[in-house]
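Reviewing the structure listed below.
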Amino acid sequence: MKFLSRIFRENSGLLNRILQLRSLGDRPVVAQVKENRYMQYFCNVPDADLANFVDPSLMTRFRKRLGEKGIAIIETEVFELFRRTGIIKGNTLLMDSTVLSSDILHPNDVTLIYNAFGKMKIFASIHELSLWWDHSHIKKRRRAFGRAKKGERVAYLVEFYALFVPALETFRTHVEALEAKAEVPEFRKEKARELLALLVLLNDQTQQKLAGEQHIDNRIVSLDEVDARPIKKGKTFPSCEFGTTLQMSFNRQGFMITTENLIGNPDDTTLYGDTLRLFHKRMGKDPDTVVTDLGFRSRNNRKNTPDTISNVFLGRSDDVDEGQGDFCRKARSATEGFIAVAKNLRGFGRSLYHRLHGDKIWTLLCQTAYNLRKFLQLYRDKKLENNSLVVLGL
């Protein structure tokens, strides 16, 4: 066991970086390392250790043990190494927001109610309770809904809601009875309370839907990803994504400087000041130039920009003088490219971890992998200064 533990400690961090770079799950990444000689070299796995390589479940335990704070320490160490050696420059700040999609199906109201019955069924199984509804009937009506035409969906929602209301009231009485039992562990009671609160929100949301409400604040789109929200970012396709808002900033080289995960779709104008402060904290100074799009443009943002920042480009060419205009426009175009690479090639397209806490861990792992890959790209292209390479021993 000590031998296996040593192998895992030596390779777990590298495995997680491969997982983020290739957007793989735990089992596929372990399988690929066993087969791919390049990955074995990257993870420093000798042939003699392949037969006793790590089990995929150990990676999950490793991440849980580290938590968000532990992953943040790893990301900070990698970033600080590049910053101290002069590889990451802080002269220009490129800012934008996107959506970190959750790993869920496209939501609809009938499916949410059907999944609520599934959650209550698990509760009944854990606490050895008989089901207080006809689950076989629910399954049959769910299959019928899957074959229904779009115009018939409202009728199915009315039907499912009529079955859900009495089931929810009975579930409430079971939770109240559970609270009175001293032998039930506190964490079981806490989970029951959380589920009840979530189903009550679903009940209120469904009532608003049936009343004709088109825009529901803090709409629940998944009972597993309760922090995910419908978010529109002005794109033609997809017009709406489901997840959390991801605020990102880069420098002109393309290194990712800051990330923030936020619930819902906050106005970009409210994110501008916090991103400037986070950039200053990470780089130890303000940038010379800030480049954003029109979404961040506001009188307060321009007024509250520190005087140490010489050029502020908020989506319009007349924001800066003619000499800086071309540089800022190209930097703005580059921002879209950096985000496209991050989402399509570096794991930021979809989070495989749950809730906002999981999204933050996913983002930190992806950010670490993204900056490592950017460093390797610049190193291969010989675009790094010799002084920085000497400090790194390269």
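Along the stretch 35-42 the Karplus relation, 6.51 cos²θ - 1.76 cosθ + 1.60 evaluated at θ = phi - 60°, assigns HN-Hα couplings of 9, 9, 5, 5, 5, 4, 5, 4 Hz to successive residues, with x for each Gly and Pro.
Local charge for TRP132 was computed over the other residues whose Cβ lies under 12 Å away, with Lys and Arg +1 and Asp and Glu -1, and equals 0. Overall, the chain carries a charge dipole of about 900 debye about its Cα centre when +1 sits on the Cβ of Lys and Arg and -1 on the Cβ of Asp and Glu, all other atoms neutral.
The charge dipole of the stretch 84-129, taken about the Cα centre with unit charges on the Cβ atoms of Lys, Arg (+1) and Asp, Glu (-1), comes to about 280 debye, rounded to the nearest 20. Each residue of the stretch 168-180 is assigned a 3J(HN,Hα), and the resulting list reads 5, 5, 5, 4, 4, 5, 5, 5, 5, 5, 5, 4, 7 Hz, derived from the Karplus form 6.51 cos²θ - 1.76 cosθ + 1.60 (θ = phi - 60°), x at Gly and Pro. For a Förster distance of 51 Å, can you work out the FRET efficiency between the beta-carbons of ARG329 and SER125, rounded to the nearest 0.05? Working from the Cβ atoms, E equals 0.30. In plain terms, the residue of CYS328, CYS240, CYS366 with the fewest other Cβ atoms within 10 Å comes first and the most crowded comes last, giving CYS240, CYS328, CYS366. The alpha carbon centroids of the stretch 241-316 and the stretch 113-185 are separated by 45 Å. Taken along its principal axes, the alpha carbon cloud of the chain reaches lengths of 71, 62, 43 Å, longest axis first.
Taking 8 Å as the Cα distance limit and 6 or more residues as the minimum spacing, I'd like the relative contact order of the stretch 59-176 as a percentage. Working shown, then result.
On the way: 24 pairs, mean separation 30.5, N = 118.
Value for the stretch 59-176: 26 percent.
Proximity of backbone amide H atoms, modeled 1.01 Å from N, is registered between ASP103 and SER351 at under 5 Å, excluding neighbours fewer than 5 places apart on the same chain. Whole-Hz Karplus values for the stretch 184-199 come out as 7, x, 5, 5, 5, 5, 5, 5, 5, 4, 4, 5, 4, 4, 5, 5 Hz, taken residue by residue from phi with 6.51 cos²θ - 1.76 cosθ + 1.60 and θ = phi - 60°; glycine and proline positions read x. Normalising the average separation of contacting C-alpha pairs (under 8 angstrom, six or more residues apart) by the number of residues puts the relative contact order of the stretch 251-394 at 21 percent. Under 5 Å between amide hydrogens, built in the peptide plane, is the criterion, and for SER249 it picks out ILE257, THR258 among residues at least 5 positions away or on other chains.
Size estimate for the stretch 215-348 follows the Kirkwood approach: the inverse of mean 1/r over distinct Cα pairs works out to 16.3 Å.
Taking 8 Å as the Cα distance limit and 6 or more residues as the minimum spacing, I'd like the relative contact order of the chain as a percentage. Spell out each step's value before the answer.
Details: 462 pairs, mean separation 96.1, N = 394.
It comes to 24 percent, rounded to a whole number.
Over the stretch 64-118, the alpha carbon radius of gyration divided by the compact-protein estimate 2.2 N^0.38 Å works out to 1.98.
A short reminder: the numbers here are calculations on the coordinates, not readings from a lab. Computed from a predicted structure; not experimentally measured. For neighbour counting, all protein chains shown are included, and Cβ atoms are generated from backbone atoms with ideal geometry for every residue, glycine included.
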